[in-house]
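The values are calculated or read from the model by the stated rules, or taken from the named source; none is laboratory data. None of the values given here were measured: they were computed from a predicted structure. Backbone-built Cβ (ideal geometry, glycine too); neighbour counts: all protein chains shown.
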Amino acid sequence: MILVDEPLWPGRGHLWSHLVSDLSYDELHAFAEMLGSPRRAFDRDHYDIPEYRFSSALWLGATLLPSRELTARLRAAGLRRPKHLVRRASPVRP
């Protein structure tokens, strides 16, 4: 299921929502593509979507949840990737 929270997060002159799947990353990427979100908007386990895409996400079938519930569902599905657990790409050494 695709889940979204309200656009409450400020940044770069917009308010942003988090878009996640509690099923799979494949489902999330497919939905984001239908929504018109670029792949660069994907951050570890979610897409950051600007407020102007929020109503389209709901129209396409995303379920609106409070941020805490969204995070809880992501964890319960085993799809949460916290920053401290994501490995950064090692620099290339000559």
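Kindly indicate whether GLY78 is at pLDDT 95 or above and either among the aliphatic types (A, V, I, L, M) or assigned to a loop (DSSP other than H, G, I, E, B) (or both). No; evaluated as a whole, the condition is false for this residue. Annotation note: of GLU33, GLU69, the sole residue that is in a helix (DSSP H, G or I), more than 13 Å from VAL4 (Cβ to Cβ), at pLDDT 95 or above and not basic (Lys, Arg) is GLU33.
Kindly evaluate GLY61 against the criterion of being of a type in the set (Gly, Ala, Ser), at pLDDT 90 or above, more than 11 Å from the chain's Cα centre (by Cα) and not in a helix (DSSP H, G or I). In short, yes.
Total residues in region 17-55 satisfying the condition of being of a type in the set (Gly, Ala, Ser), without any contact (Cβ under 8 Å) to a residue 24 or more places away in the chain and in contact with a Lys or Arg (Cβ under 9 Å, 6 or more places away or on another chain): the figure is 3. Candidates TYR52, TYR47: the one that is among the aromatic types (Phe, Trp, Tyr), part of a strand (DSSP E or B) and out of contact with any Asp or Glu (no Cβ under 9 Å at 6 or more places or on another chain) is TYR47. Under the condition of being under 21 Å from LEU79 (Cα atoms), of a type outside the set (Val, Ile, Thr) and part of a strand (DSSP E or B), the residues counted in region 1-17 number 3. For region 19-76, a tally of residues being among the basic types (Lys, Arg) and closer than 19 Å to TRP9 by Cα returns 4.
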